[in-house]
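The values are calculated or read from the model by the stated rules, or taken from the named source; none is laboratory data. Every value quoted in this text rests on a predicted model; they were computed, and no experiment measured them. Backbone-built Cβ (ideal geometry, glycine too); neighbour counts: all protein chains shown. The accessibility values were calculated without ligands, DNA or RNA, using every heavy atom of the protein model including side chains. Shrake-Rupley method; radii C 1.70, N 1.55, O 1.52, S 1.80 Å.
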Amino acid sequence: MDNKTSEKGSEICPKCGSSLGEVFETKSGKKLQRCSKGSWNPETHTIDGCTYVKWLEVEPVTLDEKCPKCGAPLISAVTRFGKKMKKCSTATWDPATKTAGGCDYIEWVKGTTEQLDEDCPKCQAKLVLFTTAAGKKLKKCSTATWDAATKTAGGCDYVEWLRS
Ligand SMILES: [Zn+2]
Ligand SMILES: [Zn+2]
Ligand SMILES: [Zn+2]
């Protein structure tokens, strides 16, 4: 995984003094560590046991790409809402004055599309596997189109969400 993994178990829960569990990555790319005495109960949507959760900063990853505006390296970042973007490594944010400094280049990372060898049950065209920027996967018809200008979908509307 990454260098955070090597730190697992070395930290102590400030609530109950047990060791913290493994670093866990949410579907939206955020990282957290739960107390080893606590576990998420998907049925009741609550934490059983110790409720301590430590959110980890997702360190920006420097990319092997150059900013088209100023030539500095780009870094990849994840917003609070799980959207991925690339931004210029010279960009700064001053929380005191709420002003952005440095280069303002931002590129939103869209999902990726993969050709599948499967036929659409609706129209028999080929399906494609689409992975959203947040990591969700869906199969959709390769004839499906999206017109960003008019915000309308065209082509075949077959969609199958995959469980991850
Ligand atoms: Zn605890
Ligand atoms: Zn730049
Ligand atoms: Zn179709």
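Points to keep in mind about this one:
- To put it simply, the accessible area of the chain at a 1.4 Å probe is 54 percent carbon and sulfur.
- The mean sequence separation of alpha-carbon pairs under 8 Å and at least six residues apart, normalised by the residue count of the range 63-114, gives a relative contact order of 29 percent.
- Binning the alpha carbon pair distances of the range 1-159 at 5 angstrom intervals from zero yields the distribution 2, 8, 11, 12, 13, 13, 13, 13, 9, 5, 2, 0, expressed in whole percent.
- Mean accessible surface per residue for the chain, computed with a 1.4 Å probe while every protein chain stays in place, in Å²: 70 Å²
- Whole-number percent relative contact order across the range 18-142, with pairs defined as alpha carbons under 8 Å at least 6 apart: 15 percent
- The mean sequence separation of alpha-carbon pairs under 8 Å and at least six residues apart, normalised by the residue count of the range 76-164, gives a relative contact order of 19 percent.
- Peptides ranked, highest mean first, by Cβ atoms within 10 Å: ranges 32-38, 89-95: 32-38, 89-95
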